[in-house]
1. Assigning unit charges at the beta carbon (Lys, Arg +1; Asp, Glu -1) and nothing else, what dipole magnitude in debye, to the nearest 20, does the stretch 15-110 show about its Cα centre?
2. Note down the nm distance, to one decimal, between modelled labels 7 Å out along Cα→Cβ at residue 26 and at residue 75.
3. For the stretch 15-110, count the residues as N, evaluate 2.2 N^0.38 Å, and divide the Cα radius of gyration by that value, please.
4. How far apart, in nm, are the 7 Å Cα→Cβ label points at residue 46 and residue 87?
5. Label-point separation (nm) for residue 12 and residue 55, each offset 7 Å from Cα along Cα-to-Cβ?
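Only the coordinates and a few stated rules stand behind these numbers; no lab work does. Quick caveat: nothing in here was measured; it's all calculated off a predicted structure. We place every Cβ from the backbone using ideal geometry, glycine too, and count neighbours over all the protein chains shown.
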Amino acid sequence: MSSQRSKQIKVDGPCVYLIHFSHPYQHAGHYLGWTKNLTARLRDHQNGNGARLIAVVREAGIDIQLVRIWHGQRDIEQLLKKYKHSSWLCPICNPHAATHKPLSGISQIIVK
Ligand SMILES: [Zn+2]
């Protein structure tokens, strides 16, 4: 996440988050993760101490952007991962993502 683009986003409690890559890395265009502390987790990603995928993506010079957050526990992450098509959930890749509610009832934050 470039410092120019990083925003102060405060989320209390556990959440699932979606990160969009400015360019695909091999077959990956997104990262879907779960954390109890989003602020700390994003700091880890920035420092290369988060997920291995994010670290190699950043090493490849690809910009990353937090695009969506859902409140919830790990079961939400597992449900969302079953979709396989993270691009459907991404407001950058899919302009209709905000209204695409595969999991209605789960509160979410669209990051703009
Ligand atoms: Zn995307």
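1. The calculation lands at about 200 debye.
2. Those two pseudo-labels are separated by 3.2 nm.
3. Cα Rg divided by the expected 2.2 N^0.38 Å: 1.02.
4. 3.0
5. For residue 12 paired with residue 55, the spin-label model returns 3.3 nm.
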